[in-house]
Amino acid sequence: MASVETTETEGLAGEDGVRRRDFINIAAVSFASAGAVAVVVPLVNQMNPSADVLALASTEVDLSSIQPGQAIKTTFRSQPLFVRQLTPKEIEEADKVDASTLRDPQTLEERTVDGKKQWLVTMGVCTHLGCVPLGAGEGENKGEYGGYFCPCHGSSYDTAARIRKGPAPKNLEVPKFSFTSDTAILVG
Ligand code: FES
């Protein structure tokens, strides 16, 4: 009987021992995890963009003052941005071109938002060496294809801002944008 009691006592003591070790291990792991969180959170916070960086990341443009045939120059991420309302004639001129014959084949549809083909939004940066093309300002030279003309080395872009002549290899870039209302877009 005595040996049985001793065994039971040792057994209980053993379980307590195990429980104590488990508790110590769990406590140590929990403490380590809390430490890891304490280290990770400030790192994650440092990686989150600040408000001014977020403001630079997107640009809202009011379209209400841009009449058909007019364009405005603004900036997006510190680079020139052109926003243009095409006239029906300019849309027709862009549409009658066989896109497969172009240096950088794209249709006007592919460069604009569904149902809002008249709104052409492009970067104002020539894809040759980065000059700012003419054509967005009142009375500026739009080049022989009626879109934009780069005075640096003579690249001409058409009414869909696609490269048609000169050394530029690509169409003017269309940034990511969406309509936030009938008269406003958010670029970026
Ligand atoms: S930078 Fe525009 S044509 Fe060279």
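Read the figures in this text as sums done on the coordinates, not as results from a lab. Bear in mind that the values here come from a model prediction, so they are computed numbers and not experimental data. All Cβ positions, even for glycine, are placed from backbone atoms using ideal geometry, and neighbour counts span all protein chains on display.
At a glance:
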quantity	calculated
Three-way shape label, region 108-169, alpha-carbon gyration tensor, a/c 1.5	prolate
Placed amide H near Phe76: partners under 5 Å, 5+ positions off or other chain	Leu81
HN-Hα J in Hz across region 75-91 - Karplus 6.51, -1.76, 1.60, θ = phi - 60°, x for Gly and Pro	10, 9, 6, 6, 10, x, 10, 9, 10, 10, 9, 6, 7, x, 5, 5, 5
Distant-in-sequence amide H partners of Lys165 (H built 1.01 Å from N, under 5 Å)	Ser156
Residue exposure sequence - Ile163, Ile185, Ile72 - by fewest surrounding Cβ within 10 Å	Ile72, Ile185, Ile163
